[in-house]
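Step one of this worksheet: look at the structure below.
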Amino acid sequence: MKTNGIITKVSGPLVIASGMESANMFDMVRVSRYGLIGEIIEIHGGLASVQVYEETSGIAPGEEVVPQGMPLSAELGPGLIGSIYDGIQRPLDAIKQKAGSRLERGVSVPALDRKKRWKFTALAENGAEYSGGDIIGTVSETDAVEHRIMVPPGVKGRLRGLSDGEYTVEEVIGTIDGSDGKVTELRLMQRWPVRVQRPYRRKLPPDVPLATGQRVIDTMFPIAKGGVAAVPGPFGSGKTVVQHQLAKWADADIVVYIGCGERGNEMTDVLNEFPEIRDPKTGRTLMERTVLIANTSDMPVAAREASIYTGITIAEYFRDMGYSVALMADSTSRWAEALREMSGRLEEMPGEEGYPAYLGSRLAGFYERAGRVIALGSDGREGALSVIGAVSPPGGDISEPVSQATLRIVKVFWGLDSSLAYKRHFPAINWLTSYSLYLDTIEDWLSKHAAPDWTELRGEMMKLLQEEAELDEIVRLVGMDALSSRDRVKLEAARSVREDYLHQNAFHEIDTYTSFHKQYLMMRLILSFYRLSLEAVDKGGDIEHIVKLPVREAVGRMKYVDESRADAEFESIYAEMEREIRAEEGAAADSGEELF
């Protein structure tokens, strides 16, 4: 029998309660007369430490703490898509209708609408044997998303009483009769503890790239489907814009966007932009395949942790349906700050810079929930959950603990550079410090589906950028005149890689997204100009004339060419390039003959 506890101490978001012998770790509780939502994070005998996810001012010792008899859980079912939640999965629209425009404490609103009726189409046969993960029917949640109703994990038996119809998320749509005599009622909605990873049949290797349409990512530092990436960078370097671009264009069926402790105006931009953006896959609004969790910096600090776990639980749920899901966490640094504050109030031994000693394991526990998997169920369907976490190191110093702990876990590092941002080079991903450890695993896929020589072209472009950095040192010391003509050609080719390829305008209707095929054509153009120019200077061509050839501008404008015209434009530019450079070679040969 659950007994109510009594508050003995209040310290910010931490509440200590006595008389909690019957409670369990990570159980959800209601705190004080306001009914604030909290979670037990430590128990010593009958004394429980409760992390409260709402403002605790005004509550006092002697008030009650009421155990709810279950862990903090996410409600999973039709109605998630297009919703905007706070950190503890309360729908902000429903809160506004109930409590007005101010987010009041203790407001209790279910995550899923209890009155709305959903048209359910049964796909399973009554009397047949089903187990956890099997799809028993569908609900058309939006025009873009078919919500697949699954048997909850851990349930097995014969299906009874399932039929088509219109149901609320709480109504029973059928039952599973287990061999042990236990009857499990099935509903459109299921609950899942947010701190527990949802099970799957097996994990697949990360050998398929997640296409994003961002050239610096897809070509230079790709992420695999089911992979994890970190985007660290100082204020103003474009972390949020990178995540917005990935949310809009990544090859994912569902997007879960978590604003974890970010400024309110950034989340407002997301809330205003996403309903207006046309989804390139469906032509409809992007919100029809998006779940937003808005947990801004002026909301209680402790709720940042809940928002991270709630978001990834929702993402795992859609992964289990067989969808490819992209989760954006902006930013994990704010979550780490919440861990630091709670650790300090619990009087734990601090680690580096005051962060708790378990910071690395908490981050790892979050990121390892990503992956490309064969989901539970008899149909062997494949789902993927890719996680992109922004990190906001103070002053852009990635030697601080959160960045370092993240880098030890993730396989892709997109290092944002403030100096590139100041030059208006976006995405401001530094090509000399960033890396991807998925290059080897996705190489076969790129060779088969993008181009046989994709890896060679990418390596040649990367080599040009590295050599440019070395030549820049010489130019700064002794000037451009000290360089040979071949080195001048290298610098020009590297500049073309930077300005014509890596620089991408997120607000241009064509340049905002580039397919693998068009990226390949652009790479070939830039590197063909480099190779032909080298041949020309070796035959006496004037480097000053070559860099000013009219075709240079055509190469740079290739990124603004529509995908449907890319092949024809490539052939045209390549032919013009050969003609102009060969003419320059001929002019050099003629001037050489005149000398004799």
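Which condition breaks for Gly354 when tested against (1) open to solvent by less than 10 Å² (accessible area, probe 1.4 Å); (2) in contact with a Gly (Cβ under 8 Å, 6 or more places away or on another chain); (3) not hydrophobic (A, V, I, L, M, F, W, C)?
(1)
Would you be able to say whether some residue in region 325-344 is within 21 Å of Met189 (Cα to Cα) and either open to solvent by 10 Å² or more (accessible area, probe 1.4 Å) or touching a residue at least 40 places away in the same chain (Cβ under 8 Å) (or both)?
Scanning region 325-344, I find at least one residue that is within 21 Å of Met189 (Cα to Cα) and either open to solvent by 10 Å² or more (accessible area, probe 1.4 Å) or touching a residue at least 40 places away in the same chain (Cβ under 8 Å) (or both), so the answer is yes.
When you scan region 398-408, do you find a residue that is surrounded by fewer than 18 Cβ atoms within 10 Å (Cβ to Cβ), touching a residue at least 40 places away in the same chain (Cβ under 8 Å) and either within 16 Å of the chain's Cα centre (by Cα) or not in a helix (DSSP H, G or I) (or both), even just one?
Yes, there is a match, as at least one residue in region 398-408 is surrounded by fewer than 18 Cβ atoms within 10 Å (Cβ to Cβ), touching a residue at least 40 places away in the same chain (Cβ under 8 Å) and either within 16 Å of the chain's Cα centre (by Cα) or not in a helix (DSSP H, G or I) (or both).
What pairs come out if I take residues in region 237-254 that are more than 18 Å from Glu509 (Cβ to Cβ) and pair them with residues that are aromatic (Phe, Trp, Tyr) and open to solvent by 10 Å² or more (accessible area, probe 1.4 Å) whose C-beta lies under 6 Å away, six or more apart or interchain?
Here the result reads Gly238/Phe426; Asp253/Tyr323; Ile254/Tyr323, each pair linking region 237-254 to a residue that is aromatic (Phe, Trp, Tyr) and open to solvent by 10 Å² or more (accessible area, probe 1.4 Å).
Surrounded by 13 or more Cβ atoms within 10 Å (Cβ to Cβ) and among the basic types (Lys, Arg), is that true of Arg158?
yes
For region 420-472, which residues satisfy the criterion of being charged (D, E, K, R), open to solvent by 90 Å² or more (accessible area, probe 1.4 Å) and touching a residue at least 24 places away in the same chain (Cβ under 8 Å)?
Selection gives Asp444 alone.
Can you tell me which residue within region 249-265, out of those that are open to solvent by 10 Å² or more (accessible area, probe 1.4 Å) and touching a Phe, Trp or Tyr at 6+ places or on another chain (Cβ under 8 Å), is modelled with the highest pLDDT?
The residue in question is Asp253.
Restricting the search to region 76-123, which residues are touching a residue at least 40 places away in the same chain (Cβ under 8 Å) and either of a type in the set (Ser, Thr, Tyr) or in a strand (DSSP E or B) (or both)?
Leu76, Ser83, Ile84, Tyr85, Ser108, Trp118, Lys119, Phe120, Thr121, Ala122
Return the only residue of Leu446, Leu464 being modelled with pLDDT of 95 or more and over 29 Å from the mean Cα position of the chain (by Cα).
Being modelled with pLDDT of 95 or more and over 29 Å from the mean Cα position of the chain (by Cα) holds for just one of Leu446, Leu464, which is Leu464.
Quick check on region 33-53. Is at least one of its residues assigned to a strand (DSSP E or B), closer than 26 Å to Leu186 by Cβ and of a type in the set (D, E, K, R)?
no
For region 219-239, what are the residues that are surrounded by 23 or more Cβ atoms within 10 Å (Cβ to Cβ) and part of a helix (DSSP H, G or I)?
Hits for region 219-239 are Thr219, Lys239.
Anything in region 97-130 that is farther than 30 Å from Asn295 by Cα and buried (at least 17 other Cβ atoms within 10 Å of the Cβ)? List them, or say none.
Listed by number, the residues that qualify are Phe120, Ala122, Ala124, Tyr130.
The values are calculated or read from the model by the stated rules, or taken from the named source; none is laboratory data. Please read all numbers here as calculations on a predicted model, not as lab measurements. Note that we place each Cβ from the backbone using ideal geometry, even for glycine, and neighbour counts take in every protein chain shown. Accessible surface is based on the protein model in full, side chains and every heavy atom, while ligands, DNA and RNA are left aside. Shrake-Rupley method; radii C 1.70, N 1.55, O 1.52, S 1.80 Å.
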